[in-house]
Every structure is written in structure tokens, then in C-alpha cells.
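Down below is the structure, laid out as C-alpha cells.
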Amino acid sequence: MITAPRSVLGLVLVLLAASFVIGQKGTSIVTRIKFARGRTTTVEKGSVHRGMSHDYLLKAGAGQTMTVHLAARGGVCFDLYSPGLTDTLAQCSKDWSGELPRPGDYRINVLPDTTTERSIPYTLEVAVR
């Protein structure tokens, strides 16, 4: 059995705790969108507040058309990222439609205004054809 000196273990614990605190700027709930067989549209419902966002991942192909509509009262919008987070297709939008540039996982990040203290419910409709 290999043992490490207590000082090394202590340093490792401090570094792990520091990385956890640095990463606590906000919380994101990640959901994979899968369309029902024969369907091209899905509706997701949720609620966000300051310090929290929802990420929706969905697989789509190059040349397909995606339409995203967000219905919410108050300061909630979405960002849309192409696979690999190489392109931002939409930034703080409520509606977006366009041809997808490449195949892979697209990410829709639903987030509240940074001043929002209360929880805001939303409905997200996504269609891919």
C-alpha cells in the first residue's frame, strides 16, 4: 500500500475545495432533448432564477432547420451554441430560426436576467426539420 504524507493530502484537499468554490458562479441543469418517434417538435418546461440556468442538448445534422421559441414573463432568454461551442448562433433571444451549420450536439442555454431574484417559469419549444 502506498501512503502519502499528510501535508500532500492536505494540499490536495485545499486545491479541490478551491476549485469547487471557483466553479460555484452558477448552477446549470443539463437535459438531453430526444424527439419522440416521428416527431420534429418538443416542448420543455422549467423555471430559472439568478445563479441558475438550464442547458438543453440536442443532436442535429448540418443543413437541418432549427426553430427555437421561448415563452416567459420577465427577464429570461436563451443562448444557442453550435457543436463544440464554436459559434454562438443566438444570444439572449426569445426566438431563433435558421439552418444548422454542422452536425452534432447543439446547446440551448436558458438563463434569467442577472438581477432576477424570483423564480421565473418558462416554456421552450424546439423544432428540427
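FYI, it's all coordinate maths here, none of it is from the lab. This is a predicted model, so every value here is computed, not measured. Note: ideal-geometry Cβ built from the backbone for every residue, glycine included; neighbour counts use all protein chains shown.
How far, in nm, would the chain grow between Thr86 and Thr115 when pulled straight, counting 0.36 nm per residue and subtracting the alpha carbon separation? Can you show the working numbers first?
Details: separation 29, 0.36 × 29 = 10.44 nm, distance 2.80 nm.
Gain in length upon complete extension: 7.6 nm.
Between beta-carbons, use under 10 Å as the cut-off and find the net charge around Arg107, counting Lys and Arg +1, Asp and Glu -1. Don't skip to the end; give the middle numbers.
Numbers: positive: none; negative: Asp55, Asp79, Asp105.
Summing Lys and Arg as +1 and Asp and Glu as -1 gives -3.
Ranked highest first by average number of other Cβ atoms within 10 Å, how do 27-38, 74-85 line up? Walk me through the numbers on the way to the answer.
Numbers: 27-38: 11.0, 74-85: 17.6.
Going by the mean number of other Cβ atoms within 10 Å, highest first, we get 74-85, 27-38.
Counting Lys +1, Arg +1, Asp -1, Glu -1, what net charge surrounds Arg73 among other residues with beta carbon under 14 Å of its beta carbon?
With Lys, Arg at +1 and Asp, Glu at -1, the neighbours total +2.
Under 13 Å from the Cβ of Gly46, count the other residues' Cβ atoms, weight Lys and Arg +1, Asp and Glu -1, and hand me the total. Provide the component values of the computation, followed by the final result.
Values: positive: Lys45; negative: Glu44, Asp55, Glu125.
Net local charge, Gly46 excluded: -2.
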